[in-house]
Amino acid sequence: MRETAYPTPVCTIDAILFRIRADKLEVALIRRPADARVYANVLALPGGFVHTDRDQTLNDTLLRNLQSKVGLSPSYIAKLEFEGNISRDPEGWSITCPYLCLVDDSAPCLEHVHWHDVSDFLRDSPSLTLPFDHQQLIQKAFQRLYHRAKYSTEPNYFFKNPFTLSELQTVYEIVLGKPLHKKNFRDRIEESMSVEETGDSKIVKRSRAKLYTHKHPLKPHFFSRVMQGAFD
């Protein structure tokens with residue numbers, strides 16, 4: 001590692017890992033070590049320090065920490081704006097690279113992972129107080145996902161396994177907090193050419209529904225028009 005005569009701030013990553021389960025958007029939290037110098041034994045976002053001897057990139061740092069602390073690899077990741085100042089960490093100057101991460105709700109994870117309703121952290125006074133600036137990071141990640149859901153296929157990556165178009169529409173509706181016009185939604189998905197039929201189907205409400213999968217993994221499409229709600 002290059003030596004420097006200048007003070008070096010702590011550099012970390014924080015993972016805002018979202019999943020959808022039981023029609024709710026949830027975020028993964030883990031308990032900090034009991035011997036941590038600050039915020040010991042409290043729930044927080046999974047994350048960790050950059051290890052310059054092991055990590056070639058920030059993505060390496062993210063995936064290493066998610067695998068060791070959460071026990072899974074996300075379906076989709078996106079870097080958010082860096083955060084850094086003297087006040088976010090009680091121990092002094094620190095910089096973090098927050099990541100929006102999406103995962104299929106069927107993905108197995110370690111037993112100690114806590115999944116918390118994201119809507120709680122969108123309020124001024126959540127039922128659970130998080131350390132550092134983690135509530136603000138969750139809010140930032142949600143705003144990114146919310147706005148992208150209006151004009152891109154980013155929410156598609158909540159699915160890793162085959163899905164129906166009705167299931168896909170439900171995911172968008174949960175993120176956007178409103179019902180969507182069925183024809184408008186399917187027109188946008190067809191326009192995107194982001195999914196393709198698997199050739200299989202499953203029974204949904206006594207009818208057979210086609211199953212789809214990603215056509216362009218990790219490459220969201222941007223719509224020419226925003227998603228239209230059922231009552232817009």
- Query: What is the chain's relative contact order, in percent, from Cα pairs under 8 angstrom and six or more apart in sequence?
  - Reply: 19
- Note on the structure: Computed over the chain: longest principal axis from alpha-carbon atoms vs helix 134-151 long axis, angle to nearest 10 degrees, is 30
- Query: Of 52, 201, 74, whose Cα points farthest to the positive end of the dipole of the chain (charges on the beta-carbon: +1 Lys, Arg; -1 Asp, Glu; origin at the Cα centre)?
  - Reply: 201
- Message: Given the -39500 (n - 2.57) contribution per DSSP H run of 4+ residues, what per-residue ellipticity at 222 nm results for the chain, rounded to the nearest 500 deg cm²/dmol?
- Response: -7500 deg cm²/dmol
- Note on the structure: Counting only residues 5 or more apart in sequence or on a different chain, those whose built amide H sits under 5 Å from that of residue 95 are 10, 11, 12
- Query: What shape does the stretch 162-232 have by the C-alpha gyration tensor, where a ≥ b ≥ c are the square roots of the eigenvalues, rounded means a/c under 1.5, and otherwise prolate means a/b greater than b/c and oblate the rest?
  - Reply: oblate
- Can you give the angle from 0 to 90° between the axis of helix 58-69 and the longest principal axis of the chain, with both taken from C-alpha atoms, to the nearest 10? 90
- Query: What FRET efficiency, computed as 1/(1 + (r/R0)^6) with R0 = 22 Å and r the Cβ-Cβ distance, is obtained for residue 95 and residue 124, rounded to the nearest 0.05?
  - Reply: 0.25
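Let me know the charge dipole size of the stretch 152-214 about its Cα centre in debye, to the nearest 20, where only the beta-carbon of Lys, Arg (+1) and Asp, Glu (-1) is charged.
Values: 11 positive and 9 negative charges, 83 e Å.
With only Lys, Arg, Asp and Glu charged at Cβ, the dipole is about 400 debye.
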- Protection-proxy order for peptides 36-42, 99-105, each taking the mean of Cβ atoms within 10 Å per residue, highest first: 99-105, 36-42
- Task: Report, in debye and to the nearest 20, how large the dipole of the chain comes out about its Cα centre when Lys and Arg carry +1 and Asp and Glu carry -1 on their Cβ.
- Result: 780
- Query: What angle do you read, to the nearest 10 degrees and between 0 and 90, between the alpha-carbon axis of helix 182-192 and the longest principal axis of the chain?
  - Reply: 70
- Message: Longer than 18 Å from Cα to Cα, which of 24/210; 24/69; 150/215; 160/219 are they? Say none if no pair is.
- Response: 24/210; 24/69; 150/215
- In debye to the nearest 20, how big a dipole does the stretch 71-179 give about its Cα centre with +1 on each Lys and Arg Cβ and -1 on each Asp and Glu Cβ? 400
- Task: Under a 10 Å cutoff between Cα atoms, tell me which one of 77, 95, 20 has the largest fluctuation in the Gaussian network model of the chain.
- Result: 95
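Quick note: the coordinates plus some simple rules give every number you see, no bench work behind them. Just so we're clear, the structure is a prediction, and the values are computed from it rather than from any experiment. Here Cβ is always computed from backbone atoms with ideal geometry, including for glycine, and neighbour counts include all displayed protein chains.
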